[in-house]
Amino acid sequence: MQELIQQVVSGLASGGIFASLALALVLIYNAMGLVNFAQGEMAMFATFIAYTLISHGLNYFIAFPLTLGLAFVGGVLIERVVIRPVERAPVLTLVIVTLGLATLINGAAGFFFGYTPNYFSSPFSTHTVNILGAFASYQDLSVIAVSAVVLLAIFLLLQRTTIGLTLRAAAHHPEASRLLGIRVSWMLALGWGLASAVGAVSGIMVAPILLLEPNMMQTIIIYAFAAAVLGGIDSPLGAVVGGLIVGVTVNLVGAYVVGGDLELAVALAIIVGVLVLKPNGLFGRAAVRIV
Amino acid sequence: MSALLELEDVHCGYGQTSVLHGVTLAVPEGGIVSLLGANGAGKTTTLRAITGGVRWLGEIRFAGRSLRRMPTEDIVSLGISHVPEGRGILTELTVDENLKLGAHKRKDGAAVHKDYDRVFEYFPVLRDRRRLSASTLSGGEQQMLAVARAMLMKPRLMLLDEPSLGLAPLVVRSIFEIIRTINQTDHVAVLLVEQNARLALELSTDAYVLEVGRVAVSGKSADLQGQDSVRRSYLGY
């Protein structure tokens, strides 16, 4: 029983990481109906920036928000420079562009930072604390806490502020939004910036667990896809719930059923299963358009 | 004195298909003008040209200023609110959020507050449904929401695209009454596109009848109502 609780807690920690990256995917999907295949690589690059700042002596707790700010600016720039020229192109074109972007960022990271894995130290110790008879590491708990704070902040931004309201309006009804004076094109850039910052959180959280190198996010993005698909690709709440479910499921199935080597296969099974049985996911809107 | 909105020899179309072949019309400050005509005559396209939804040739001026190459967001900020075909309700959002979007660019907080009160006075049903998703509203209520939201933008000119479409006659009457009230108390000019020519002529002071992308007839609404030949050939009643 005690071990089960420990597995669940560490599953929730991975879940928080998946949820952040899945939320980043959902933010862009909502804004332009596009799955951003470069999301993981953008997060990895941001993590390298955080690593560089910290290794130059900057305090972790200053480097963290600073990196999120830089990631935001980077996301906005990518949208303006790379996506804007093909904004009205068919989705397939955009998908290919994001795939190219992923390769480009991956190569750039290798060029600037090298392919040698780096140990990214976390300020939170791996010591454990006893909670109700189960042991959880400070690191897992901090990951859960940071993810919760970030997800809550995004939720409040989207639901409680005027800028969030205009973001949602522009995402769902670009034409009607323009007639209300909303700068739809800038809302897209803002969406990319936010997604980039939220994704960066997942990278910085996962780096101490894995090792930091250019391919670090390539499995994490699969889990994030599973989380986003499970939650309903257009639902921010779904991304969070999906992330937690995927994290816990993968951890438990990995620990008790198939073993650690097949954990990624569990994520792929979730993606296929959801798409076959319930394509809209848990919280997604029905994929019906009124024309 | 020049008019608030002027269109001069406006041509436009979609791709290879041209829809407007030289439309000239004017909406005076504080006036109500109806734009009538059969399906496909170019009424909706005329409104879309004004708010930059389609590219056009010729000249469109609002308050003396050319709208050439201006993006929709900027045109709207000059004081034109456009209730488009299909009402432009954001059905994923609540009634309240839709209204908020109408006022989101305004800086005059106290006046916005007062306008909310007036909107709810005109359309009490919207106050009752504030927290509900806009998708749960009936067609008439959605039209009310669209007009209410347009009002909260504090425009000098409202473009209304077929506000009567698909609504029960009683609902249409009450919406038209409120349009008249808004026009009179706030001096908001209105350009009204309608299939229901009889109602539109009752409400408006001037009218234009479009026929395949050209103004076929224009004049005082009262005169057009009086001419049997015009009524029979163009207005169908």
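The values are calculated or read from the model by the stated rules, or taken from the named source; none is laboratory data. Computed from a predicted model, the values in this text were never measured in an experiment. Here the Cβ positions follow ideal geometry from the backbone for every residue, glycine too, while neighbour counts run over all protein chains shown.
Being within 23 Å of the chain's Cα centre (by Cα), in a helix (DSSP H, G or I) and aliphatic (A, V, I, L, M) narrows it down to one residue among A:Ala176, A:Ala145; which is it?
Every option except A:Ala145 fails the conditions.
Select, from A:Ala46, A:Ala63, A:Ala136, A:Ala71, the only residue that is crowded, with 18+ Cβ neighbours inside 10 Å and assigned to a strand (DSSP E or B).
Only one candidate qualifies: A:Ala136.
Of the residues that sit in the range A:34-43 and are out of contact with any Pro (no Cβ under 9 Å at 6 or more places or on another chain) and outside any loop (DSSP other than H, G, I, E, B), which one is surrounded by the most Cβ atoms within 10 Å (Cβ to Cβ)?
Per the stated criteria, the residue is A:Ala43.
When you look at A:Arg183, is it surrounded by fewer than 19 Cβ atoms within 10 Å (Cβ to Cβ), under 15 Å from A:Ala31 (Cα atoms) and of a type outside the set (A, V, I, L, M), yes or no?
yes
Listed residues A:Leu77, A:Leu58, A:Leu104, A:Leu92; which is over 28 Å from A:Gly15 (Cβ atoms) and in a loop (DSSP other than H, G, I, E, B)?
Just a single option satisfies the conditions, and that option is A:Leu58.
On the basis of being surrounded by 19 or more Cβ atoms within 10 Å (Cβ to Cβ), out of contact with any Asp or Glu (no Cβ under 6 Å at 6 or more places or on another chain) and within 20 Å of A:Leu68 (Cβ to Cβ), does A:Val266 make the cut?
No: the conditions fail for A:Val266.
Where the second residue is surrounded by 15 or more Cβ atoms within 10 Å (Cβ to Cβ) and among the β-branched types (Val, Ile, Thr) and the first is farther than 16 Å from B:Thr46 by Cα and more than 11 Å from every other protein chain (Cβ to nearest Cβ) and lies in the range B:67-82, which pairs have Cβ atoms under 6 Å and are six or more apart or on separate chains?
So the pair list comes out empty.
What is the residue count in the range A:216-270 for residues that are touching a residue at least 12 places away in the same chain (Cβ under 8 Å) and either in contact with a strand residue (DSSP E or B) (Cβ under 7 Å, 6 or more places away or on another chain) or β-branched (Val, Ile, Thr) (or both)?
Summing the residues that are touching a residue at least 12 places away in the same chain (Cβ under 8 Å) and either in contact with a strand residue (DSSP E or B) (Cβ under 7 Å, 6 or more places away or on another chain) or β-branched (Val, Ile, Thr) (or both) in the range A:216-270 gives 16.
For A:Leu194, all conditions in the list (1) more than 24 Å from A:Phe124 (Cα to Cα); (2) modelled with pLDDT under 95 hold save one; what is the number of the exception?
(2)
Just for the range B:20-49: of the residues that are among the β-branched types (Val, Ile, Thr) and outside any strand (DSSP E or B), which one is surrounded by the most Cβ atoms within 10 Å (Cβ to Cβ)?
Within the range B:20-49, the match that is surrounded by the most Cβ atoms within 10 Å (Cβ to Cβ) is B:Thr46.
Which one of the conditions (1) within 11 Å of another protein chain (Cβ to nearest Cβ); (2) out of contact with any His (no Cβ under 7 Å at 6 or more places or on another chain); (3) farther than 24 Å from A:Leu167 by Cβ does B:Lys100 fail to meet, given that it meets all the rest?
It fails just one condition, (3).
Check B:Ser229, B:Ser218 and return the single one that is of a type in the set (Gly, Ala, Ser), at pLDDT 90 or above and surrounded by fewer than 21 Cβ atoms within 10 Å (Cβ to Cβ).
B:Ser218
When you check B:Gln143 against the structure, is it under 15 Å from the mean Cα position of the chain (by Cα), within 29 Å of B:Lys107 (Cβ to Cβ) and either surrounded by fewer than 21 Cβ atoms within 10 Å (Cβ to Cβ) or in contact (Cβ under 8 Å) with a residue 24 or more places away in the chain (or both), yes or no?
Criteria met by B:Gln143.
Would it be correct to say that A:Val95 is touching a helix residue (DSSP H, G or I) at 6+ places or on another chain (Cβ under 7 Å), of a type in the set (A, V, I, L, M, F, W, C) and at pLDDT below 95?
Criteria not met by A:Val95.
Looking for something on the phi > 0 side of the Ramachandran plot and in contact with a helix residue (DSSP H, G or I) (Cβ under 6 Å, 6 or more places away or on another chain) - is there at least one such residue anywhere in the range B:11-30?
No; the residues of the range B:11-30 include none that is on the phi > 0 side of the Ramachandran plot and in contact with a helix residue (DSSP H, G or I) (Cβ under 6 Å, 6 or more places away or on another chain).
Working only within the range B:107-131, note down all residues that are surrounded by 14 or more Cβ atoms within 10 Å (Cβ to Cβ) and either under 16 Å from A:Thr162 (Cα atoms) or not basic (Lys, Arg) (or both).
Listed by number, the residues that qualify are B:Val112, B:Asp115, B:Tyr116, B:Val119, B:Phe120, B:Tyr122, B:Phe123, B:Val125, B:Leu126.
Inspect all residues belonging to the range A:149-159 and state whether any of them is assigned to a helix (DSSP H, G or I), without any contact (Cβ under 8 Å) to a residue 40 or more places away in the chain and within 14 Å of chain B (Cβ to nearest Cβ).
Within the range A:149-159, one or more residues are assigned to a helix (DSSP H, G or I), without any contact (Cβ under 8 Å) to a residue 40 or more places away in the chain and within 14 Å of chain B (Cβ to nearest Cβ).
Given the criteria within 14 Å of chain B (Cβ to nearest Cβ), touching a His at 6+ places or on another chain (Cβ under 8 Å) and under 17 Å from B:Thr72 (Cα atoms), does A:Thr166 qualify?
Yes: the conditions hold for A:Thr166.
Inside the range B:61-87, can you point out the residues that are of a type in the set (Val, Ile, Thr) and either part of a helix (DSSP H, G or I) or in contact with a Gly (Cβ under 9 Å, 6 or more places away or on another chain) (or both)?
Across the range B:61-87, the qualifying residues are B:Thr72, B:Ile75, B:Val76.
Just wondering, is there one or more residues in the range A:222-240 that are more than 14 Å from chain B (Cβ to nearest Cβ), surrounded by 24 or more Cβ atoms within 10 Å (Cβ to Cβ), under 16 Å from the mean Cα position of the chain (by Cα) and not in a helix (DSSP H, G or I)?
Yes, that holds for at least one residue.
Would you call B:Leu90 assigned to a helix (DSSP H, G or I), among the hydrophobic types (A, V, I, L, M, F, W, C), at the interface with chain A (Cβ under 8 Å from one of its Cβ atoms) and in contact (Cβ under 8 Å) with a residue 12 or more places away in the chain?
no
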